[in-house]
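K.L.:
I'd like to ask some things about the structure below.
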Amino acid sequence: RWWGVDRRFAVVVVAPGGHRVFRPLAEVGITARPDTADALGVAQPGAPLTATLHAPDGRLRAAAEGAVTSDGTWTVAFAADGAPVRLRDGDRLSVGAGGGFGSLVVETLAFDFDVARGLMGTARPNRDVQVLLGLDPRGSAYERTEWYDLTADEVGAFTIAAPPPRSRWTFTDVRSVRATIPLTDGHRLESRLVIAPPPPAAVFLPVAHRK
């Protein structure tokens, strides 16, 4: 199962060991990033790709073309008249590649993060939202993460006000935030934030003066 897609596959036999690698064939998975002009996803490797963005009233806002890479991933950026076209709540994003087709309706998904107040986000009311916090590894060779399954309230707000009790990390350790809304057919909405680490503290060394 890859990106929630498990209906059609291509079988590749790798010589000389005869191992079989299963990859989805013709299925399209879409990740839309609301309030940006970008979309990305997976599809049949090497296939030509077309993407369209329609307003809720059916009006075409923008279109883009490209190709799926050899590893089965793709990205597009929407623009019109030389200016980026941002994905808005209610827009329909459709992507076709290699005989496959995918479509989703863009929804509100945004958040602010502050080391003093935590995370404050907005989505459609009662929407389930998954939040992944990437933490400072503190010298470890492994990535440290914290995962939250949240539900927006009746006005569409979701929050993380504080780390769990007895946690060994604080909001000052957060280096990235990713909020995701899983949709049907393996599609999803996503919003990301990368936080630069604080600059190293200045170190003042005593200077000896000789007479």
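What follows draws every value from the coordinates through simple rules; no lab data is involved. This structure is a prediction, so every number in the text was calculated from the model and none was measured. Cβ atoms come from the backbone with ideal geometry, glycine included; neighbour counts cover every protein chain shown.
K.L.:
If you take every residue apart from residue 51 with its C-beta less than 15 Å away from the C-beta of residue 51, what net charge results, scoring Lys and Arg +1 and Asp and Glu -1?
P.N.:
Charge balance in the 15 Å sphere: +1.
K.L.:
For the range 69-211, what is the largest minus smallest coordinate of the Cα atoms on each principal axis, given in angstrom and ordered from greatest to least?
P.N.:
Here the spans come out as 82, 38, 33 Å, largest first.
K.L.:
Let me ask another. Using 0.36 nm per residue of separation minus the Cα-Cα distance, give me the extension gain between residue 167 and residue 117 in nm, one decimal.
P.N.:
Separation in residues times 0.36 nm, less the Cα-Cα distance, equals 16.4 nm.
K.L.:
Let me ask another. Treat each spin label as a single point 7 Å out from the Cα along the C-beta direction, and report the residue 57 to residue 80 distance in nm.
P.N.:
Each label point lies 7 Å from its Cα, and together they span 1.1 nm.
K.L.:
Pairs of Cα atoms under 8 Å, at least six residues apart: use those to get the relative contact order of the range 95-141, whole percent.
P.N.:
Numbers: 25 pairs, mean separation 10.8, N = 47.
It rounds to 23 percent for the range 95-141.
K.L.:
Is any residue of the range 141-162 close enough, with backbone N under 19 Å, to a label point placed 7 angstrom from the Cα of residue 71 along the Cα-Cβ axis, and if so, which?
P.N.:
Under cut-off, by backbone N: 143.
K.L.:
Can you order the peptides 116-122, 53-59 by their average number of other Cβ atoms within 10 Å per residue, highest first?
P.N.:
Top to bottom by mean Cβ count within 10 Å: 116-122, 53-59.
K.L.:
Taking the mean number of other Cβ atoms within 10 Å as a proxy for protection, how do you rank 63-73, 83-93, 146-156, 100-110 from highest to lowest?
P.N.:
Output ranking for 63-73, 83-93, 146-156, 100-110: 100-110, 83-93, 63-73, 146-156.
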